[in-house]
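What follows draws every value from the coordinates through simple rules; no lab data is involved. All figures in this text were calculated on a predicted structure; none of them were measured in a lab. Backbone-built Cβ (ideal geometry, glycine too); neighbour counts: all protein chains shown.
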Amino acid sequence: MTFALRNGRVLDPSQDLDEIADVIVRDGRIEAITPVGAHPSDHEESAEGLLITPGLIDIHVHLREPGFEYKEDIETGTAAAAAGGFTAVCCMPNTNPAIDSVSVVRHIIERAEAVGVARVYPIASLTRAMEGGQLAEIADMQAAGACAVSDDAFPVQNAETMRRGMEYCAQLGLTVMTHNEDQSLTKDGAMNEGRTATLMGLPGIPAIAEDIGAARNIIFARLTGCRLHLLHISTSGTALHLQRAKADGVPVTGETAPHYLVLDETACEGYNTNAKMNPPLRREADRTALIGALQDHTIDALATDHAPHAVYEKEREFDRAPFGILGLETAFAVGYTHLVQAGHIGLNDLIRLMSCAPASILGLPGGTLKPGAPADISVFDLTECWTVRPELFRSKSRNTPFAGWDLSGRCRYTLVGGRRIDV
């Protein structure tokens with residue numbers, strides 16, 4: 001049985017394709033991209049005036065299940081993903097219990113198959129219970145379906161543990177995704193170290209703590225040959241480390257998040273806990289440097305670091321509130337409005353950063369509309385203007401710094417394996 005999306009603007013960076021065309025889907029896979037009306041189909045839908053892209057992929061998401069379902073779960077998290085145009089997400093291991101065993105990996109995959117509306121790929125913990133000590137059963141979790149390993153939220157501080165973990169993952173062909181932080185420099189820190197933190201009377205998190213962590217992990221990637229991915233880059237220094245490592249042939253990639261590109265540390269003024277995340281929002285100079293790192297392809301991907309928290313958790317003193325903000329339902333529109341329409345990058349770049357590149361980094365299916373690929377497709381209306389209203393989110397949580405922002409571009413629906421997901 002065939003299904004056709006007719007007469008849409010088909011944009012696929014993996015094929016250098018940007019044209020008005022039809023997308024033909026057969027049995028859950030892309031069959032062809034054809035001139036309008038050239039291919040018969042059993043069912044069809046007009047996409048006139050809409051943008052058709054490879055399904056967006058977010059390789060850095062906290063779904064909170066198991067253990068913290070009051071913040072988010074797989075059902076609501078994937079609904080939020082679909083609303084933002086994402087057809088696949090990779091979930092981080094800081095759950096309870098952590099994703100450090102085959103049983104937890106299988107639980108997540110089975111739950112996603114039962115209640116999810118986007119594909120879910122578990123990321124395994126590098127160490128048992130994410131405690132930074134003994135390595136977890138990484139090979140077994142890979143065999144069970146884990147797509148990568150990470151120390152996110154609990155960065156491994158012991159150099160020997162990190163080295164052995166990367167040596168092991170190099171043998172398995174697994175990517176290690178690192179939150180880069182020397183925690184000896186960040187104890188009790190609540191926001192970026194600098195003038196704003198001083199005026200607010202808050203302990204700071206210095207940018208150099210991230211830079212040192214990134215430099216150490218890059219050295220280990222050089223030594224071991226392990227594929228390394230730098231999570232949520234927030235500083236100009238880390239971007240420079242990444243640029244130099246790539247030039248030297250080190251197998252390293254990096255991501256940043258939309259909030260680091262459109263906000264700086266002043267968003268925390270007024271003790272706004274919905275602008276508190278780790279790594280924190282940095283100086284304006286870092287923000288502009290990260291845009292430059294997108295423009296020269298130093299940074300490979302955009303990811304949301306979607307980190308839901310209950311309202312009451314964020315409604316407390318700034319230094320006691322948890323780190324993290326939502327991202328899935330606003331990422332594309334924030335990027336389109338404040339990066340593309342602002343002239344910093346092209347629309348082709350935004351789609352590459354959010355679909356083709358994430359798929360390539362972790363070797364995931366999707367990220368392309370080439371014939372034979374899974375029919376994971378996102379359909380956007382670039383003309384729709386809307387105001388961010390957290391009370392309407394599909395997520396269980398509301399912790400966004402973008403509440404009240406006027407944005408352009410919105411997902412109409414997605415297809416996951418050819419199955420339409422309305423948003």
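Summary table
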item: Nearest-0.05 FRET efficiency for residue 266 and residue 129, computed from C-beta distance (R0 45 Å); result: 0.75
item: Long-range HN-HN contacts of residue 253 with modeled amide H, under 5 Å; result: 228, 229, 230
item: Cα-based equivalent ellipsoid of the chain: semi-axis lengths in Å, sorted from largest, via gyration tensor; result: 33, 24, 21
item: Distance between modelled label sites at residue 48 and residue 198, nm, 7 Å Cα→Cβ extension; result: 6.1
item: Residue 324 long-range amide H proximity, modeled H, under 5 Å; result: 276, 277, 278
item: Ranked 137, 315, 255, criterion: other C-beta atoms within 10 Å, fewest first; result: 315, 137, 255
item: Fewest-first ranking of 127, 414, using other Cβ atoms within 10 Å as the exposure measure; result: 127, 414
item: FRET efficiency estimate (nearest 0.05) - Cβ-Cβ, residue 114 to residue 140, R0 35 angstrom; result: 0.95
item: Table column - 3J(HN,Hα) (Hz), region 114-124, Karplus curve with 6.51, -1.76, 1.60, x for Gly and Pro; result: 7, 10, x, 10, 9, 5, 10, 10, x, 9, 7
item: Burial order of peptide ranges 11-22, 61-72 (average beta-carbon count within 10 Å, highest first); result: 61-72, 11-22
item: Region 67-200 - Rg over Rh from alpha carbon coordinates, Kirkwood radius; result: 1.03
item: Restricting region 320-423 to chymotrypsin sites (Phe, Trp or Tyr not before Pro) in coil, as DSSP defines it, with at most 10 other Cβ within 10 Å; result: none
item: Added length on full extension, which subtracts the Cα-Cα distance from 0.36 nm per residue, residue 183 to residue 243; result: 19.2 nm
item: Point-to-point label distance, residue 70-residue 36, nm (Cα→Cβ direction, 7 Å offset); result: 5.4
item: Expected-Rg normalisation [2.2 N^0.38 Å, Cα atoms] applied to region 189-280; result: 1.20
